[in-house]
């Protein structure tokens, strides 16, 4: 955990290891058991007033959310402060960062800073979804604001969707990751497509990018604006990159292919036939594909993976479908409206 830390909504908080009051080391990820987590970073346990702390604990309990506190205090002083607050060593869990390994960055005022820099804030609450991704941060009125918001915020990111579905058919290994792009950012990309120099969609082949209308009909805009290229890459690196390591054991350095906004129109009968994304010499180093819907006011246009089953995949707006570039897949025609999608590829860095 030596790289930059980003606390934007949707970014994954890296794991860290710290001792508890008993001196035993604990991984932060062990705090996640299917529910959201509130991480309270504080410069001194003596700053905590018992009453608002008790109120926050109660709100977290009602919201089925675990509370974890990180503080720099020495063990003896921390034990005394913890008892005054009426807390047990693991209820809520207290982790001690006496060597200032992680707390300075958790309390830094900027959105992305390197570990080891000086402290900024004195306290901060970070609400994390069940997948250790940032759902919200509270830097002012920390206890009151977190207490007020935790119920609704936890419910909005709780991973309960699909609980009534029984998957008993072959299914391609596709990761559906929510909240990768914010709604406003999706709108910006659609607007960029509408103003940009759009081209009929081509297909990468051994002869370069060629027009193959029998395989693909789309209207594409390749993002060329440096600031937008960086904005897309940053979000994917912080929000999708860590998932590649966790889910697919992909821990290599990577770069990105071009970021392209595609449009599938029902009126124009756009589609993309069955294909793989790494079949040409120029695409052989593509590792994972990202298909990210920018809107949801359309019908049809689902991803299908014919090698496995006819299951149709259509993430909500802002969510990404991530899968190996070796998987055969196709995009069905849109039957109503127009589908906008951001596509790109994680490539193995050479």
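The values are calculated or read from the model by the stated rules, or taken from the named source; none is laboratory data. Predicted, not measured: the structure shown is a model, and the values here were computed from it. Counting neighbours? That spans all protein chains shown, and the Cβs are built from the backbone with ideal geometry, glycine included.
Can you give me the number of residues within the range 10-28 that are free of Cβ contacts under 8 Å to residues at least 60 places away in the same chain and in a strand (DSSP E or B)? Full working, then the answer.
Of the range 10-28, the ones free of Cβ contacts under 8 Å to residues at least 60 places away in the same chain are 17, 23-25, 27.
Still in the running and in a strand (DSSP E or B): 17, 25, 27.
The qualifying residues number 3.
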Cβ-Cβ under 6 Å pairs, at least 6 apart or on other chains, the range 133-144 side closer than 17 Å to residue 53 by Cβ, far side surrounded by fewer than 22 Cβ atoms within 10 Å (Cβ to Cβ): 138/145; 142/123; 143/52
Considering residues of the range 104-124 that are surrounded by 15 or more Cβ atoms within 10 Å (Cβ to Cβ) and in a loop (DSSP other than H, G, I, E, B) only, the residue modelled with the highest pLDDT: 107
Elements of type strands (runs of 3 or more DSSP E) in the range 29-103, at least 2 residues being farther than 29 Å from residue 246 by Cα, at pLDDT below 95 and within 26 Å of the chain's Cα centre (by Cα): none
Hey, residue 310 in a loop (DSSP other than H, G, I, E, B), over 15 Å from the mean Cα position of the chain (by Cα), loosely packed, with under 14 Cβ neighbours inside 10 Å and not assigned by TED's automatic domain parsing to the domain that holds residue 12 or not: yes
Unmet criterion (only one of (1) closer than 27 Å to residue 31 by Cα; (2) surrounded by fewer than 20 Cβ atoms within 10 Å (Cβ to Cβ); (3) at pLDDT 95 or above) for residue 138: (2)
Wholly within the range 171-265, strands (runs of 3 or more DSSP E) carrying at least 2 residues that are more than 20 Å from residue 296 (Cβ to Cβ) and at pLDDT below 95: 203-205, 208-210
Positions within the range 178-193 being surrounded by 15 or more Cβ atoms within 10 Å (Cβ to Cβ) and within 13 Å of residue 9 (Cα to Cα), in sequence order: 178, 179, 180, 181, 185
